[in-house]
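For reference, the structure is listed below as structure tokens.
The values are calculated or read from the model by the stated rules, or taken from the named source; none is laboratory data. All of these numbers come straight from a predicted model, not from anything done at the bench. FYI the Cβ positions are ideal-geometry reconstructions off the backbone, even for glycines, and counts take in every protein chain you see.
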Amino acid sequence: MKSENIIIAGFGGQGILFAGKLLAYAAMVAGKEISWLPSYGPEMRGGTANCHVVISEEPVGSPIIVNPDVLISMNRPSLDKFENSVIEGGTIVVDKSLIDRKVTRTDVRVKYVEATKIAMELGNAALANMVMVGAFLKETGAFILDEIKDAIVKNIPKTKQALAEIDIKAMVAGYNA
Amino acid sequence: MSKLYERPKSLCDVPMHYCPGCTHGIAHRLIAEVMDELGIEGETVGVAPVGCAVFAYDYFECDMQEAAHGRAPAVATGIKRVIPDRIVFTYQGDGDLAAIGTAETVHAAARGENITVIFINNAIYGMTGGQMAPTSLPGQFTQTSPYGRDVKKQGYPVRISEMLSTLDGPSYIERVSLDSVPNINNAKKAIKKAFQKQIDKKGFSLVEVLSTCPTNWGLSPVESMKWLKDNMIPYYPLGVFKDVD
Amino acid sequence: MSEKVLMKGNEAIAEAAILAGCRYFFGYPITPQTEIAAYMAKKMPKIGGTFLQAESEVSAINMVYGAAGAGARVMTSSSSPGMSLKGEGISYIAGADLPCVIVNIVRGGPGLGGIQPAQSDYFQATKGGGHGDYHLLVLAPNSVQEMVSLTIDAFDLADKYRIPVMLLGDGTLGQMMEPVEFSNDNISHVYEKPWATVGTQKKRKHNIINTLYMSPEELEYTIIERQKKYNSIVQNEIRCETSYLEDAEYVLSAYGTSSRIVETAVHQLRKEGYKAGIIRPITLWPFPSHIYKKAAEHAKAFLSVEMSMGQMVEDIMLAVNGKAPVHFFGRTGGVIPTPAEIVSKVKDIAGGNASE
């Protein structure tokens, strides 16, 4: 697992914060120093939501990411907002189903995924966050697949483990997309 | 020789600061007699208000807390939640309970908080020198209604007992008066019943006690009793507004 | 050693309070601290505790007064506008020498302000907030783990000195998740409270919890007595963390969230050859003045970094007492300073381009 500053951004309700929590949790289990910082406010559904995940070898200083290594973007406003802040040589993962433009930067790696479309094919658009996480893993090699699988199982209540299986399926689909 | 009269054990042996003819002394005594009769002095925590009765903490032998103005029901709530098997009461005037502390009063009642509130309504702010109270009568002359309370400008009096009796939380609400011996005897019965409700864990109980303020009303003690009877009781009818088990 | 869990700052405070023996919580919802209340609402009924959502902040703090007076370990929490409402009750709690813990997860002000993190309640927390001669003991954590340890310590300090203790965080600390451990190392002490109003059982004179003294001499006496307690807190309870201070020419100072950002900035400055160091007060009252005083012997300049228009900077100026220039950099209203802005400010100071 690599040290990364990751911003995940999209609409409220897309599971942005949960996706970030999985990465933070997996990194914690792997012995990294981490922080997870959500945007907060009236954005339970529909508004813009984002979270900052810092994964580091050193104790985390500022938990607020100014220039992310990775941007996982799940809607157009978040791509507009964060595209230019990504570091040179960084990575942007784009949900192509929902974002109707290309990344204009030429100094970053870009991965386009039909995340919402894939999620709907799996039966639920709300799985798009997991598809994006899978695509992010494949693109960056930041985690191995099993680390996130484990994180999913651990972060879903025992009574709802059926959901974990579906989430893992969606993540694997994103990984292979 | 048998004693006909003595200080209730729940009342401290100290001089009270109340004005001559003021009915706070009677109300204090009734509460103390009730505590004696129920044998709860050692189990009780009282909460004093801000207003003329602010020094009530020096007058009752039970443990006491002095609350900020209007906050006695909140303070009593805090106490009661920590020691639910003890008896907790507040003693509050009309400015404290029905103006600055309205929210605390209404919500303690709505929660059915298992406390007893003794509400002294004398239709005026006593301690600050006779200003208009939320319960001052229409037309009543006070320092801040010098031309008489004009309901068009200063609004109408608040009938607390009626208002609170619309809530589901309270178990017992009664309005009594201290203007005559029979009424004083009734007042004691009501106070005792209110405490008994709490002992039986029935929830919020309140006794509204119509009282006098000779000094700020500008009347003699005897005239005050008559003024209470002739003016306050018609506006604030006596009786039980709520009594549920 | 117990297992590390990933937890929000707000939830960590609530869990730590329960570990410290707090069984009474009175609060009112306000962003960005509501998770504390929600956590308490879920947990308290399961452990025989009380969670009560009051009708207002005013009522909640007065419930704290009553419960503290009855001898309980009790807590309330809020965010800035709610803390203004609690000001009345806090003054009474201080005046009655009652122990309790008050959490302020600060957001931008004045007025409704905003809901994003700020540090603009420093004056309110350390200089008053309510009326009268009094102090709160103010603890300022800068990580989720420290929110745990300082919450537990807050209850002990409150009981030890019979003083209201404030935990001063901000929206970032409240909302962020970090790994935390709840170890058994800092199990709380139990303090006898013979002054509590729990009923006399007819075995003692009545206890009175009170803040009213009609005689000026008597009131003055109680205040002077309380001042002795404050002096003892100043002697014994100051907490402060320093780094790179030994050879520091530029001493940056910050607490809470902004200290995390300063940490990142100072690493950058050191890489670039600037001798920058950090003083991070953990107790904001009592303020670690002596640390600044000592640092002023060799520092070229101080820089206070805050999420406000400059509040703690006044305490630094008093501590430094003219021995070195004291600069300020801050963003406010919910805007968080960036490490780059701080680095640039230090370079300006070093280059003689910054006015105090």
For the stretch B:42-57, what are the residues that are of a type outside the set (A, V, I, L, M, F, W, C), at the interface with chain C (Cβ under 7 Å from one of its Cβ atoms) and under 16 Å from C:N62 (Cα atoms)? none
Name the single residue that is nearest to B:M127 (Cα to Cα) among those in the stretch B:58-90 being within 7 Å of another protein chain (Cβ to nearest Cβ) and acidic (D, E). B:E66
Within the stretch B:161-172, is even one residue free of Cβ contacts under 8 Å to residues at least 60 places away in the same chain, crowded, with 19+ Cβ neighbours inside 10 Å and not acidic (D, E)? no
Tell me, yes or no, whether the stretch B:122-139 has at least one residue that is more than 16 Å from the chain's Cα centre (by Cα), more than 24 Å from B:A53 (Cβ to Cβ), away from chain C (no Cβ under 14 Å) and not in a helix (DSSP H, G or I). yes
In the stretch B:22-55, what count of residues is obtained for those that are closer than 25 Å to B:G130 by Cβ, among the small types (G, A, S) and without any contact (Cβ under 8 Å) to a residue 60 or more places away in the chain? 2
Flagged in the stretch C:330-346 as touching a Leu at 6+ places or on another chain (Cβ under 8 Å) and touching a residue at least 60 places away in the same chain (Cβ under 8 Å), in numbering order, are C:I342, C:V343, C:V346
Matching strands (runs of 3 or more DSSP E) fully within the stretch C:101-184 where at least 1 residues are within 14 Å of chain A (Cβ to nearest Cβ), modelled with pLDDT of 95 or more and more than 17 Å from the chain's Cα centre (by Cα): C:177-180
Are any of the residues in the stretch A:134-142 under 16 Å from the mean Cα position of the chain (by Cα), at pLDDT below 95, among the acidic types (D, E) and assigned to a helix (DSSP H, G or I)? yes
How many residues, within the stretch C:63-74, are within 7 Å of chain B (Cβ to nearest Cβ) and part of a helix (DSSP H, G or I)? 6
If you go through the stretch B:91-101 one residue at a time, do you hit one that is surrounded by fewer than 21 Cβ atoms within 10 Å (Cβ to Cβ), within 17 Å of the chain's Cα centre (by Cα), within 12 Å of another protein chain (Cβ to nearest Cβ) and touching a residue at least 24 places away in the same chain (Cβ under 8 Å)? yes
Give the stretch B:13-45 a look and list any residue that's among the small types (G, A, S) and under 21 Å from B:L178 (Cα atoms), or say none. B:G21, B:G25, B:A27, B:A32
Conditions: (1) away from chain B (no Cβ under 11 Å); (2) under 28 Å from B:A110 (Cβ atoms); (3) not in a strand (DSSP E or B). C:S77 meets all but one. Number of the miss? (3)
Look at the stretch C:185-220 and say how many of its residues are closer than 30 Å to B:H69 by Cβ, of a type in the set (D, E, K, R) and at the interface with chain B (Cβ under 10 Å from one of its Cβ atoms). 2
Residue, farthest from C:G89 (Cα to Cα), within the stretch C:34-62, restricted to residues that are in contact with a strand residue (DSSP E or B) (Cβ under 9 Å, 6 or more places away or on another chain), within 10 Å of chain B (Cβ to nearest Cβ) and among the β-branched types (V, I, T): C:T50
Residue in the stretch C:224-243 that is on the phi < 0 side of the Ramachandran plot and within 14 Å of chain A (Cβ to nearest Cβ) present: yes
Search result, residues across the stretch C:321-356 that are of a type in the set (A, V, I, L, M), crowded, with 22+ Cβ neighbours inside 10 Å and closer than 24 Å to C:D121 by Cα: C:V326, C:I336, C:I342
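Quick grid of which residues meet (1) part of a strand (DSSP E or B); (2) in contact with a Phe, Trp or Tyr (Cβ under 7 Å, 6 or more places away or on another chain):
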site: B:L4; (1), (2): no, no
site: B:P8; (1), (2): no, no
site: B:A27; (1), (2): no, no
site: B:A56; (1), (2): no, yes
site: B:M64; (1), (2): yes, yes
Considering the stretch C:187-205, residues that are under 15 Å from B:V82 (Cβ atoms) and of a type outside the set (S, T, Y), and then whichever is surrounded by the fewest Cβ atoms within 10 Å (Cβ to Cβ), we arrive at C:W195
Just to be sure before I move on: is A:A177 touching a residue at least 40 places away in the same chain (Cβ under 8 Å), assigned to a loop (DSSP other than H, G, I, E, B) and over 22 Å from C:V5 (Cβ atoms) in the structure I sent? yes
